[in-house]
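See below for the structure under consideration.
The values are calculated or read from the model by the stated rules, or taken from the named source; none is laboratory data. The structure displayed is predicted, hence computed values, not measured ones. Reconstructed Cβ throughout: ideal geometry from the backbone, glycine too, with neighbour counts over all protein chains shown.
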Amino acid sequence: MQWPLVLTHFLERARRMHHARPIASREADGVFRYRYGEWAERVARLAGALTALGVRRGDRVATFGWNTYRHFEAYFAIPCMGAVLHTMNVRLFPEQLVWVMNHAGDRVVLVDPTLLPLFEKIRAQLTTVEQVIVMGDAGTAGPYLDYEELLAVASPHFEWPALEENEAAALCYTSGTTGNPKGVLYSHRALVLHSLAISLTDAFQIRERDVLLAIVPMFHANAWGLPFAAAMLGCGMVLPGPHLQPKDLCELITSERVTFIGGVPTIVAGVYQQLKQSGKRPETLRQIIVGGAALPQVLLEGLEQLGIEVVHAWGMTELAPAGTVSRLRGDMEDWTPEAKAGIKLMQGSPFPLVELRAVREDGTEAPWDGATPGELEARGPWVARAYYEDATSADRFDAGWFRTGDVATIDQRGFIRLVDRSKDLVKSGGEWISSVDLENAIMSHPHVAEAAVVAIAHPRWTERPLACVVAKPGAGAELSRESIRSFLKGRVADWWLPDDVVVLDTVPKTSVGKFDKKVLRERFKDHSWPEVT
């Protein structure tokens, strides 16, 4: 019972029990395919190569890459040899990339060939990086090492060290909305327990027979833990690389017979539109996990009409990232379709071992009545207890609880509904308006493709909601302030109706595909409000 919980168990399990299961990776010249047995051998070779370069236990090794088979190899070679896998968010600003890598103290960096031009712009500013390995089999010029050449001369056998479960395994930095990104360090124990939890029947319901397409980036919150769970269970693994256009993803779904997808709503919505336009329902796809932002009702209903189960989940980098998942319980099966949809659109109840509470402004815990909001706080075996080497953010942690910054209600069954991010709530005339609920209502408009609501200063009401919408193709002329407000009448309270609507070509996105509301707030901070009658 004292056996340590370390990722090496998953690696060895995949090598011995699931060696024939397939892995497919979309590369520039087509789809590369091999099996877990070959993958495990290459993982061992990579660990040997990194050891020969001087990487030791506790050293940080950064990856600067897309979702590819080489990145999947690094996901296990680095932590299982005792080093720390540091997945770099390649969509951060250059100055943020420099700050993060220097703060982490990365010694070695693995870089995708397509990202080498971006990396070269910051290389001279990196103070701790000693070696750079290009994750491609093409020859590389200059001071960089070639991944395939290193593996070719390394031994296919590696003596994995006896690790302690509380040793660091991985490091992710939050994308951050203010200040520098913040590091979250994960232990082996945390990632093992997280993998077991998300695989439960009443959680993500991942199975050995699944073929899993990980759309969520491997540089974002461990790709939701899907690579670790896939190796543990022996799932078929499909990695799309940088090819995230709906047409490319749908081709992979068909060619690799994908059964399971994890991704943010903006990407999943593109897949849905592509499927709808093609008129083809992929015969193998059974389930999509949607997280990272609120699940629009139109997307839920549209995918379910295609016979695909959609499961809403919520989490954060600080939670590794699994926090809640929304699945119907047994006593809900006889509910009306509308009541069931109401549950599915909630963020759900906590995963086993995760505890949640909502804390009101006066510091007391909000009752589980489904109505009283408070800031959501979390604790559990994979929830961060502090940010990495950052004493300035101690106020985000309260006696073992992590303060998420999300405002939520919790009902008597333990299901949470996010009202908003605390910074995204609209405080109008002393009353709160949920931008999330208002966005979901606007998204139901037949001509709206995307909708983001932001709080903008108002001379009378302190703040009022401004709706930023993107029209569906060919429907731009159908959208106006009047048409949106008229559509919302009766769907939301009158005082929630946006005082103005702007039609955009696209809503700006963050590095992980969420609406970037800080960009919208800055763009429209001096917005001139029309007269409202």
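When the stretch 371-386 is examined, which residues are found to be modelled with pLDDT of 95 or more and buried (at least 20 other Cβ atoms within 10 Å of the Cβ)?
L376, E377, A378, G380, W382, V383, A384
Out of the stretch 270-291, which residues are at pLDDT below 90 and either touching a strand residue (DSSP E or B) at 6+ places or on another chain (Cβ under 8 Å) or not in a helix (DSSP H, G or I) (or both)?
G279, K280, R281, P282
Give me a count of the residues in the stretch 112-138 that are modelled with pLDDT under 95 and polar (S, T, N, Q).
Total satisfying the criteria: 1.
Output yes when any residue across the stretch 84-106 is at pLDDT 95 or above, part of a helix (DSSP H, G or I) and of a type in the set (S, T, N, Q), and no when none is.
The answer is yes, given that some residue of the stretch 84-106 is at pLDDT 95 or above, part of a helix (DSSP H, G or I) and of a type in the set (S, T, N, Q).
So which residues in the stretch 363-392 are among the hydroxyl-bearing types (S, T, Y), under 23 Å from P321 (Cβ atoms) and in a loop (DSSP other than H, G, I, E, B)?
Hits for the stretch 363-392 are Y387, Y388.
Output the residues belonging to the stretch 336-370 that are in contact with a strand residue (DSSP E or B) (Cβ under 6 Å, 6 or more places away or on another chain), surrounded by fewer than 15 Cβ atoms within 10 Å (Cβ to Cβ) and either within 16 Å of G414 (Cβ to Cβ) or among the β-branched types (V, I, T) (or both).
E355, E365, G370
How many of the residues making up the stretch 6-42 are in contact (Cβ under 8 Å) with a residue 40 or more places away in the chain, in a helix (DSSP H, G or I) and aliphatic (A, V, I, L, M)?
Here the count works out to 3.
Checking R16 against (1) modelled with pLDDT under 95; (2) over 26 Å from the mean Cα position of the chain (by Cα), only one condition comes out false. Which one?
Only one criterion in (1) modelled with pLDDT under 95; (2) over 26 Å from the mean Cα position of the chain (by Cα) is unmet by R16, namely (1).
Please go through (1) surrounded by fewer than 22 Cβ atoms within 10 Å (Cβ to Cβ); (2) part of a loop (DSSP other than H, G, I, E, B); (3) under 20 Å from the mean Cα position of the chain (by Cα); (4) not charged (D, E, K, R) for V311 and return the number of the only condition it doesn't satisfy.
All conditions pass for V311, except number (2).
Would you check which residues across the stretch 435-471 are under 12 Å from V298 (Cβ atoms) and more than 25 Å from the chain's Cα centre (by Cα) and list them?
Once the filter is applied, which keeps residues that are under 12 Å from V298 (Cβ atoms) and more than 25 Å from the chain's Cα centre (by Cα), the stretch 435-471 yields H445, P446, H447.
Give the number of residues within the stretch 85-111 that are touching a residue at least 60 places away in the same chain (Cβ under 8 Å) and under 20 Å from N67 (Cβ atoms).
Residues in the stretch 85-111 being touching a residue at least 60 places away in the same chain (Cβ under 8 Å) and under 20 Å from N67 (Cβ atoms): 9 in total.
Conditions tested, residue by residue: (1) modelled with pLDDT of 95 or more; (2) surrounded by 14 or more Cβ atoms within 10 Å (Cβ to Cβ); (3) basic (K, R).
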residue: T140; (1), (2), (3): no, yes, no
residue: P161; (1), (2), (3): yes, yes, no
residue: E164; (1), (2), (3): yes, no, no
residue: T174; (1), (2), (3): no, yes, no
